[in-house]
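Everything below concerns the one structure shown next.
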Amino acid sequence: QEQLVESGGGSVQAGGSLRLSCAAAAHTYSRNYMGWFRQVLGKEREAVAAVDTQSGRSYYSNAVRGRFTISQDNPKSTVYLQMDSLKPEDTAMYYCAAVLTSGSPLGPNYDYWGQGTQVTVSS
């Protein structure tokens, strides 16, 4: 029923790992791009990673490059965000996005957004 269903958030100590999952309707998943964004209360939304669902090409923000990995499972219409070497500054609500309408894959112009899953990293 829902366009995007997210899971995998939780609490972890600094240096630990989490894997977020975003399951999409097949048609939605196959459109073009899917992405991950994060936001802290009182601050602007920040792009994390995105993937071209057709080619598999990935994009990362400078803040997470080398630590996070976006991947996909096409038969399951699911995109993942593997988060390693987590830092306290990674603490945020993480949102899955689908169907890029214009601009950069790390830009804000997606048609669909998930409900968000909280990631908390303690020191």
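Here, each number is a calculation from the coordinates, and none is a lab measurement. Not measured: the values here are computed from a predicted model. Heads up, the Cβs are rebuilt from the backbone with ideal geometry, glycines too, and the neighbour counts pull from every protein chain shown.
Which of the three applies to region 21-61, rounded, prolate or oblate, going by the alpha-carbon gyration tensor with a ≥ b ≥ c and a/c under 1.5 meaning rounded? Oblate, since a/c reaches 1.5 and b/c is not below a/b.
Its residue count N fixes a reference of 2.2 N^0.38 Å for region 54-112, and the Cα radius of gyration divided by that reference is 1.20. The peptide list 79-88, 42-51, put in order of mean Cβ contacts within 10 Å with the highest first, becomes 79-88, 42-51.
What translational diffusion coefficient, to the nearest whole µm²/s, does the chain have by Stokes-Einstein, given a Kirkwood radius computed over alpha-carbon pairs, a temperature of 25 °C and 0.890 mPa s viscosity? Translational D for this selection: 173 µm²/s. The Cα center of region 1-34 and the Cα center of region 59-123 differ in position by 8 Å. Normalised by the number of residues in the chain, the average gap of Cα pairs under 8 Å and 6 or more apart makes the relative contact order 34 percent. Each helix, a run of at least 4 DSSP H residues, gives -39500 (n - 2.57); summed and divided by the residues of the chain, these come to -500 deg cm²/dmol at 222 nm.
Projecting the Cα atoms of Q39, L81, G8 onto the charge dipole of the chain, computed from C-beta unit charges around the Cα centre, puts L81 farthest toward the positive end. State the answer as a single residue: which of S123, C96, C22 lies farthest towards the positive end of the charge dipole of the chain, with beta carbon charges of +1 for Lys and Arg and -1 for Asp and Glu, about the Cα centre. Comparing the listed Cα positions along the dipole, S123 ranks first.
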